[in-house]
Each structure stands twice: as structure tokens, then as C-alpha cells.
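The structure appears right after this line, and notes come after that.
The values are calculated or read from the model by the stated rules, or taken from the named source; none is laboratory data. Since we're looking at a predicted model, the values are computed, not measured. Note: ideal-geometry Cβ built from the backbone for every residue, glycine included; neighbour counts use all protein chains shown. Please note that ligands, DNA and RNA were not included when accessible areas were found on the heavy atoms of the full protein model with its side chains. Shrake-Rupley method; radii C 1.70, N 1.55, O 1.52, S 1.80 Å.
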Amino acid sequence: MPLHKGPEKPDERPLSVNPFYGEADPVGGMTEAPPKHRLPTAPLPPSTAYQVVHDELMLDGNSRLNLATFVTTWMEPQAGILMGECRDKNMIDKDEYPRTAELERRCVAMLADLWNAPDPSAVVGCSTTGSSEACMLAGMALKRRWSQRNADRYPAARPNLVMGVNVQVCWEKFCNFWEVEARLVPMEGERFHLDPQAAAELCDENTIGVVGILGSTFDGSYEPIVDLCAALDALQERTGLDIPVHVDGASGAMVAPFLDEDLVWDFRLPRVASINTSGHKYGLVYPGVGWALWRDKEALPEELVFRVNYLGGNMPTFALNFSRPGAQVVAQYYTFLRLGREGYRAVQQSTRDVARGVAERVEALGDFRLLTRGDELPVFAFTTAPDVRAYDVFDVSRRLRERGWLVPAYTFPPNREDLSVLRVVCRNGFSTDLADLFVEDLEQLLPELRRQSQPFTRDKGAATGFHH
């Protein structure tokens, strides 16, 4: 979460409250508006407090029109009811809420089966607050396994983790927080994610693992996990180094099993030690819930598992968080039960069809060049065509925001800092009708953009609040 500071001024102008917010007496208790940066002296009526907060939140963007986020923005009303019924249940209280704990266990078992674990009963897994926590846990397990194997050299030797420069920022945080050297494979030419051979060449005796992404947040492409494992197999034959792979399947691990069944990326590859996903992305659940699974107990060192005598029960846990609501886990089980394999396949296929269709229509406008087409993740990235000089992608993003559409524009990392793109994430709920409206709005903006004398963006780093 971002860090915030207190107010820089002693206090700002107090909020103005409409007199009609009063329940019985329209002006009763409304002689002084509540302060914004200190607790009010007296309580407010609930309807007044609600309206004050509600009105300020109207200035947020519309989540359904947010084409930057991978996070689910629509669920069925029944799921919302279940989440409301479970929001007061603490996920950590397994003895007090045994059925919620059982639903979590079933979700882990379902994912183990979905990801083709050789022995689903041997898989170890847990729910998390999202993929960021899941990645932290997976990284911790990789580091601990490496330190056990290299006890004679650690802690003098510095561990490293190999990954593409396109990884989500949570992996940079992991390396920073847990004092692991991040070895990044740069982008080259039209390759916007990890190169398997380049990754293998960065590995040495201090490498705790290699991270493969399914798929990249920069452009929606899958990294070639099977080729990565083959490169590491060859490395082991040459050097004896046995480097495990973690698959960050934040989005793709809930897309590929349904739409790309012949793609080998999961526990079918013996070198894949662990996988994570975000239930609140293409798992189709409101935020925040993620999942982390390990191939077997050997992949998750026992000393990382805490056995807590809590409220009368001995409970094994592996988490960075402790108390959190059970609502999202219940919603994940509801969605698994509600859709099944065929339902997930239909939803994800529809989303991919929308992404492909929008990408084709954007390309047909003539002003843009597609980097990806939405045929892996339902995500596509595009940039301005070489002959477009009057405006840039940041101008497009800014103008689309005026119409309510939130489309991120950003510059790629080394070695493609020269490339700035727009990215569209298609999710369940972004219907064909909404997609038509988006393309129509984009097309209507182009004549004015083409009349600009030059791009208006001066500072590309400050042009967008979007960061990976």
C-alpha cells in the first residue's frame, strides 16, 4: 500500500454538509461541519456520515471503466451477499469458523488438480491477501531451501533471484526486503519478457530460483515456462546446479488451464516448485485473495510453517498477515462451485474474444501499432504508429480519462526505454457493448489529437500514476 503523511497545514476548510442530511431536524447538529484531519468531537447520524463519505468517493474513477487494473470489478449479487455474511469472520480463527477453513482447503485442492499436480494430496497451499503476499511466501521458501543446501557458505554468500525485467513490483520488494540480489533479464527488440537462455546464463551457485511469469503485466504475453525449464535442465547437466522455478501465474494461471490446455507451464514440469495466482484477478473474485501452492512438503521448508496454539487449536500457518476476513475465500469457493471448468472456460473465452476484437479495431484506426493482440492474457498493448508525430500515448491516455476511461500509458524498462505504450486489460464485465463504446470514444478523439502541433507530454515519468 502507498505511504501517506498527515496534513501539511494545521487544518483545511471544513467540509460543507447539506442541511437535508439531518434525519428529523434538517439543521439539527449541522451548525459545524465535521473536521477532515482530526476526530469530530461528537458523533454524526449514520445517514449523514454515509452521505459525506459517499459524496467524496464519487470523485474516484468508475471501476468498471478502469482498463488499467487486472482486479475483478464485477461479481454476481449472490456472491456479494455471501461476502457480506462472512465479512465479520476472521480467516485465522480456524476452530471458530471450521467450515470457512474447510472451504479454503477445498480451494487449494481444486487448484492442485487444475494445475496438474502429480499427487494433489501432497500439495501444500494456502490463501493469501493477493499475489503479492503469495510471491513473498514463495520467495521465502526458495531462499530457505537454498540456505539449507548451502549452510556451509550462507550467510557469507549473497543469494540471488533470476527473473525478467518485466516482473511485477512485488518481486523487487521481495528482493529488497529479504536481501536477495535481483538479477534481471532485460528486454531486447520485440521480446518484451524473459529469454530462457539468458536467464540460465545468469544463474550460479547462489541462485535461489528463477521466476517465470504467466503472463506479463506489461503486454499480456506468456513467458515460455517449458523452455525455461529446459534451459535449466541443460544447465544442471553441464554444471550440476539444480535451480527451481516459481511460476508467477497471478493472471495466467486462471486463464491458461481453460483456454490453453495444451500449453505446458505448471506442475507437469518437475522443475516447477511452486505457483501463485490472484483469485481477485482472473479467478473472478473481488479483492483481495490470492493463492500459493507448493509441489510437495519438500518444496516448503517445515521451519517456515508456524504451528500456533490459537483459541484452542493447533494450527499450521504460513503467512505474512494474520487476521483477515474470510469473505474473499468464501467467494472464491462460490465461484469455483458456480462456474466449474466449463463456466470458467466460457467466461475467459468471452473475455479473450473481446480483447482480440478491440485490438483489431484499434489497429484498424491506422494511428496505432499493436505489440500484442490479447491472444494469451485478455490484454493487449499498443503504441502510436511510426508516422504519428502530433501526439503520443500519454496524450491519448489523458484524453480518454476525460471520457471516463482509465487506460494506462507507460514507458518500458531496459533495454526498451524508447518504447511507450497504452495497455488495455479486458475483464469479465467489460462487455462487447462497453468495448464498442470504448473504441467509439477513442475514434472520436483522434481528429483533435491529429491537429495538435506536437505531443503535450513534458515529463513522461509524471504523466501517469500507473506503475507495475
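Being under 23 Å from GLY283 (Cβ atoms), open to solvent by 40 Å² or more (accessible area, probe 1.4 Å) and either in contact with a Leu (Cβ under 6 Å, 6 or more places away or on another chain) or hydroxyl-bearing (Ser, Thr, Tyr) (or both) is the requirement here; does THR432 meet it?
Against the criterion (under 23 Å from GLY283 (Cβ atoms), open to solvent by 40 Å² or more (accessible area, probe 1.4 Å) and either in contact with a Leu (Cβ under 6 Å, 6 or more places away or on another chain) or hydroxyl-bearing (Ser, Thr, Tyr) (or both)), THR432 qualifies.
Taking the range 376-413, which residues are open to solvent by less than 10 Å² (accessible area, probe 1.4 Å), part of a loop (DSSP other than H, G, I, E, B) and more than 29 Å from GLU223 (Cβ to Cβ)?
Matches in the range 376-413: TYR391 only.
Cβ-Cβ under 8 Å, sequence separation 6+ or interchain: first residue in the range 361-380 and more than 19 Å from LEU434 (Cβ to Cβ) and charged (D, E, K, R), partner open to solvent by less than 60 Å² (accessible area, probe 1.4 Å) and part of a loop (DSSP other than H, G, I, E, B). Which pairs?
Correct list of pairs: ASP367/ALA385; ASP367/VAL388; ARG369/ALA385; GLU376/GLY215; GLU376/GLY220; GLU376/SER221; GLU376/VAL255; GLU376/ASP260.
Give the range 117-174 a look and list any residue that's crowded, with 22+ Cβ neighbours inside 10 Å, β-branched (Val, Ile, Thr) and farther than 23 Å from GLY288 by Cβ, or say none.
VAL162, the sole residue that qualifies.
What number of residues within the range 346-375 are part of a loop (DSSP other than H, G, I, E, B) and not small (Gly, Ala, Ser)?
Total satisfying the criteria: 6.
For the range 250-316, which strands (runs of 3 or more DSSP E) that fit wholly inside it have 2 or more residues that are small (Gly, Ala, Ser), surrounded by 14 or more Cβ atoms within 10 Å (Cβ to Cβ) and modelled with pLDDT of 95 or more?
272-278, 290-294
Restricting attention to the range 271-284, does a residue exist that is under 30 Å from GLN78 (Cβ atoms) and among the hydrophobic types (A, V, I, L, M, F, W, C)?
Checked the range 271-284: at least one residue is under 30 Å from GLN78 (Cβ atoms) and among the hydrophobic types (A, V, I, L, M, F, W, C).
A quick yes/no check of all residues on (1) in contact with a Cys (Cβ under 6 Å, 6 or more places away or on another chain); (2) under 27 Å from ALA256 (Cα atoms); (3) modelled with pLDDT of 95 or more:
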site	(1), (2), (3)
ALA385	no, no, yes
ALA390	no, no, yes
VAL396	no, no, yes
ALA409	no, yes, yes
ASN415	no, no, no
GLY429	no, yes, no
ARG450	no, no, yes
ASP459	no, no, no
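Pairs, please: C-beta under 6 Å, at least 6 apart or cross-chain, first residue more than 19 Å from PRO413 (Cβ to Cβ) and in the range 193-205, second hydrophobic (A, V, I, L, M, F, W, C) and surrounded by fewer than 15 Cβ atoms within 10 Å (Cβ to Cβ)?
none
Residue by residue, here is whether (1) out of contact with any Phe, Trp or Tyr (no Cβ under 9 Å at 6 or more places or on another chain); (2) touching a residue at least 12 places away in the same chain (Cβ under 8 Å); (3) assigned to a helix (DSSP H, G or I) holds:
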site	(1), (2), (3)
ALA101	yes, no, yes
ARG105	yes, no, yes
MET110	no, yes, yes
ASP113	yes, no, yes
ASN116	no, yes, no
CYS126	no, yes, no
ALA134	no, yes, yes
LEU137	no, yes, yes
ALA141	no, yes, yes
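State whether one or more residues within the range 256-274 are among the polar types (S, T, N, Q), under 22 Å from TYR333 (Cα atoms) and in contact with a Ser or Thr (Cβ under 7 Å, 6 or more places away or on another chain).
no
Taking the range 248-290, which residues are touching a residue at least 24 places away in the same chain (Cβ under 8 Å) and among the acidic types (Asp, Glu)?
Of everything in the range 248-290, those that are touching a residue at least 24 places away in the same chain (Cβ under 8 Å) and among the acidic types (Asp, Glu) turn out to be ASP248, ASP260, ASP266.
With the condition being within 13 Å of HIS246 (Cβ to Cβ), I'd like the strands (runs of 3 or more DSSP E) fully within the range 153-231 carrying at least 1 qualifying residues.
In the range 153-231, 160-164, 207-213 are the strands (runs of 3 or more DSSP E) which contain 1 or more residues that are within 13 Å of HIS246 (Cβ to Cβ).
Filter the range 84-107 down to the residues that are buried (at least 18 other Cβ atoms within 10 Å of the Cβ) and within 26 Å of VAL255 (Cα to Cα), then identify the one that is modelled with the highest pLDDT.
Out of the qualifying residues, it is CYS107.
Can you give me the number of residues within the range 47-99 that are farther than 19 Å from SER278 by Cα and assigned to a helix (DSSP H, G or I)?
Qualifying residue count for the region: 21.
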